[in-house]
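Novice: Before I ask anything, let me first share the structure, which is written out below as structure tokens.
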Amino acid sequence: MSEKTILVTGATGLVGNCVVRKLHDAGYRVQAMVRHGSKRDALESLGVELVEGDLADVETLPAVVQNAEVVVHAAAHIGDWGPAEKYRAINVAALEHLLNAAMHTDKFERWIQISSLGVYPAQHHYGTDETTPPSLSGLDGYTRTKAEAEVLIRQHIEEDGLRAVILRPGFIYGPGERHSIPRVMEKLEDGTMKFIGPGDKLLNNTYVGNLADAVLLAIQSEAAIGETFNIRDERLVTREEYINTIADYLDKPHPKHVPEWLARLLVGPIERFAKRRGATEAPLLTQARIKFMTLNLDYSIAKAKRVLGYEPQVDFREGILEALDDLTGKRRSADEVSAAN
């Protein structure tokens, strides 16, 4: 049993909840940051300490971190649509308040920042490693502000000696995922799902349990201090494998393909029209979705393996079924899905 107290922000979300469970099982004293009125039954059943705080209310943040020796910052405003200022308020401004509050306590030792592989330039990647700097001109408010958050963390590392580790996961999936996979399921159900282009480019898939394992390694490793690490599954999958696996699970036909050139021709007018009418939900086609569906997103995890000892244990074929089972309540093995199609 470790006596170290670890605060996890975003504890009711996909990443935070998994990290809380991993830390709890590893014997750490865990504090889970939750917003007032949030659903917390699963956390309460673990017996971890709940601390109320809200990144949208910075006055609540100093009390949240007062007893934490390690902070795992998993909370973020996510999505691919909306003004950057809305993302910046949570992902950068509130981060700075929380970080400053932690650094002014006597107990604070280490900060684990959950960033994103989305901070890299929006282009094809074939083994890109951490020597490539993040881009501050991302396609959407989320990726831009996650890059800005990294700049802030790096500034504190260099100027204030902050003992921080930055982890960059890719597309995160697993039990508890309630955004991307349900959206694909809905489009498969109503027949509107389409591949953009051939669907043969690699996705930066990252099973949430593999990411949580990387968090534990980052907490334990002295060599990790001040470093940034790409985190993903061992085996990357194509868009066809990702979407067709979900289609097979649902017993739906595989989607048809539309030409990439056509999608790129239409996306500008579609986005401009949506912004003019003040759409609060992303339109059918956005630059961020074209990136997700068409770019080769292969990032090297050699550094994480070498320095952290990171060895992703769960393959996509297993992890996606866990996610789908969690969403649907079904229990189908990979062999059953393959046999049925």
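Novice: Looking at region 157-168, is at least one residue under 15 Å from residue 80 (Cα atoms) and either part of a loop (DSSP other than H, G, I, E, B) or among the aliphatic types (A, V, I, L, M) (or both)?
Specialist: Initial filter on region 157-168 (under 15 Å from residue 80 (Cα atoms)): none.
Within region 157-168, none of the residues are under 15 Å from residue 80 (Cα atoms) and either part of a loop (DSSP other than H, G, I, E, B) or among the aliphatic types (A, V, I, L, M) (or both).
Novice: Restricting the search to region 175-191, which residues are surrounded by fewer than 19 Cβ atoms within 10 Å (Cβ to Cβ), in contact (Cβ under 8 Å) with a residue 60 or more places away in the chain and outside any helix (DSSP H, G or I)?
Specialist: Scanning region 175-191 gives 175, 178, 179.
Novice: Taking region 194-211 only, how many residues are crowded, with 23+ Cβ neighbours inside 10 Å and closer than 21 Å to residue 7 by Cβ?
Specialist: 2
Novice: Hey, does region 312-322 have a residue that's assigned to a helix (DSSP H, G or I), closer than 25 Å to residue 177 by Cβ and modelled with pLDDT under 95?
Specialist: Step one: filter region 312-322 for residues assigned to a helix (DSSP H, G or I), giving 316-322.
Narrowing the set further to residues that are closer than 25 Å to residue 177 by Cβ leaves 316-322.
Going one step further and asking which of them are modelled with pLDDT under 95, we end up with none.
No, that holds for no residue.
Novice: Do the conditions hold for residue 156, that is, is it in contact with an Asp or Glu (Cβ under 8 Å, 6 or more places away or on another chain) and either on the phi < 0 side of the Ramachandran plot or not basic (Lys, Arg) (or both)?
Specialist: Values: in contact with an Asp or Glu (Cβ under 8 Å, 6 or more places away or on another chain): no; either on the phi < 0 side of the Ramachandran plot or not basic (Lys, Arg) (or both): yes.
So residue 156 fails the test.
Novice: Filter region 107-123 for residues that are assigned to a loop (DSSP other than H, G, I, E, B) and more than 17 Å from residue 61 (Cβ to Cβ) and give the result. I'd like the intermediate steps shown before the answer.
Specialist: Within region 107-123, the subset assigned to a loop (DSSP other than H, G, I, E, B) is 107-109, 115-116, 120-123.
The answer is 109, 115, 116, 120, 121, 122, 123.
Novice: Applying the selection to region 297-316, what residues are of a type outside the set (A, V, I, L, M, F, W, C) and buried (at least 16 other Cβ atoms within 10 Å of the Cβ)?
Specialist: Taking region 297-316 as the starting set, the residues that turn out to be of a type outside the set (A, V, I, L, M, F, W, C) are 298-300, 303, 305-306, 309-313, 315.
Those that are of a type outside the set (A, V, I, L, M, F, W, C) and buried (at least 16 other Cβ atoms within 10 Å of the Cβ): 298, 299, 300, 303, 310, 312, 315.
Novice: Do we find that residue 194 is in contact (Cβ under 8 Å) with a residue 12 or more places away in the chain, under 30 Å from residue 266 (Cβ atoms), charged (D, E, K, R) and in contact with a Ser or Thr (Cβ under 9 Å, 6 or more places away or on another chain) in this structure? Can you show your working first?
Specialist: Details: in contact (Cβ under 8 Å) with a residue 12 or more places away in the chain: yes; under 30 Å from residue 266 (Cβ atoms): yes; charged (D, E, K, R): yes; in contact with a Ser or Thr (Cβ under 9 Å, 6 or more places away or on another chain): no.
No; evaluated as a whole, the condition is false for this residue.
Novice: Can you tell me which residue is surrounded by the most Cβ atoms within 10 Å (Cβ to Cβ) among those in region 248-273 that are among the aliphatic types (A, V, I, L, M) and free of Cβ contacts under 8 Å to residues at least 60 places away in the same chain?
Specialist: 267
Novice: State which residue is farthest from residue 119 (Cα to Cα) when the search covers only region 224-247 and only residues that are buried (at least 18 other Cβ atoms within 10 Å of the Cβ), of a type in the set (A, V, I, L, M) and out of contact with any His (no Cβ under 9 Å at 6 or more places or on another chain).
Specialist: Of everything passing the filter in region 224-247, 246 is farthest from residue 119 (Cα to Cα).
Novice: Let me ask something else. Can residue 218 be described as surrounded by 19 or more Cβ atoms within 10 Å (Cβ to Cβ), at pLDDT 95 or above and in a loop (DSSP other than H, G, I, E, B)? Break it down stepwise before answering.
Specialist: Details: surrounded by 19 or more Cβ atoms within 10 Å (Cβ to Cβ): yes; at pLDDT 95 or above: yes; in a loop (DSSP other than H, G, I, E, B): no.
Answer is no for this residue.
Novice: Another question, then. Considering only region 159-168, I want to know if a residue exists there that is touching a strand residue (DSSP E or B) at 6+ places or on another chain (Cβ under 7 Å), closer than 18 Å to residue 320 by Cβ and touching a residue at least 40 places away in the same chain (Cβ under 8 Å).
Specialist: As a first pass, look at region 159-168 and keep what is touching a strand residue (DSSP E or B) at 6+ places or on another chain (Cβ under 7 Å): 162-168.
Going one step further and asking which of them are closer than 18 Å to residue 320 by Cβ, we end up with none.
So far as region 159-168 goes, no, none of its residues is touching a strand residue (DSSP E or B) at 6+ places or on another chain (Cβ under 7 Å), closer than 18 Å to residue 320 by Cβ and touching a residue at least 40 places away in the same chain (Cβ under 8 Å).
Novice: With the structure loaded, tell me whether residue 210 is touching a helix residue (DSSP H, G or I) at 6+ places or on another chain (Cβ under 7 Å) and polar (S, T, N, Q) or whether it fails that test. Steps first, please.
Specialist: Numbers: touching a helix residue (DSSP H, G or I) at 6+ places or on another chain (Cβ under 7 Å): no; polar (S, T, N, Q): yes.
Answer is no for this residue.
Novice: Being on the phi > 0 side of the Ramachandran plot and either in a loop (DSSP other than H, G, I, E, B) or among the aromatic types (Phe, Trp, Tyr) (or both) narrows it down to one of 251, 233, so name that one. Spell out how you get there, then give the answer.
Specialist: Values: 233 fails: on the phi > 0 side of the Ramachandran plot.
None of the others qualify; the one that does is 251.
The values are calculated or read from the model by the stated rules, or taken from the named source; none is laboratory data. This is a predicted model, so every value here is computed, not measured. Backbone-built Cβ (ideal geometry, glycine too); neighbour counts: all protein chains shown.
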